[in-house]
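A.B. asks: Input: one structure, supplied below.
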Amino acid sequence: MVIVAGHLLVDPEEREAYLAGCSGVVQRARCAEGCLDFSIAADLVDAGRISVFERWASRAAVEAFRGSGPGDEQSAAVRAASVAEYDVSAARSLT
């Protein structure tokens, strides 16, 4: 399993427009082969921060989807980012 997690920073006044522009990416990801979870969401405390969380069945699934990410306009709105991929060998349910 592969987890992609982190955050993006955008200008606070542009965050809602950025997130609205991501709805198609989220829908495509959730329908993609090997996608177990995919979320891009507004941070509850920082008006310019967007949280990113993805969970994929395999590295191949992540790579197959990567071309469907944000377009040039959305990428230009990102002022900074801290997002990483994690290879997971085991998981424990907390529910």
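Quick note: the coordinates plus some simple rules give every number you see, no bench work behind them. Here the structure is a predicted model, which means the values were calculated and not measured. We place every Cβ from the backbone using ideal geometry, glycine too, and count neighbours over all the protein chains shown.
A.B. asks: Kindly establish whether VAL4 is among the aliphatic types (A, V, I, L, M) and within 9 Å of the chain's Cα centre (by Cα). Please lay out each step first, then the result.
C.D. replies: Values: among the aliphatic types (A, V, I, L, M): yes; within 9 Å of the chain's Cα centre (by Cα): yes.
Yes, satisfied.
A.B. asks: Shifting gears a bit: Would you list the helices (runs of 4 or more DSSP H) that sit entirely within the chain and hold 1 or more residues that are surrounded by fewer than 11 Cβ atoms within 10 Å (Cβ to Cβ)?
C.D. replies: Result: 15-21, 23-31, 72-77.
A.B. asks: Give all pairs with beta carbons closer than 6 Å in which a residue from region 34-56 that is in contact (Cβ under 8 Å) with a residue 40 or more places away in the chain meets a residue that is of a type in the set (Phe, Trp, Tyr); count only pairs at least 6 apart in sequence or on separate chains.
C.D. replies: GLU54/PHE38
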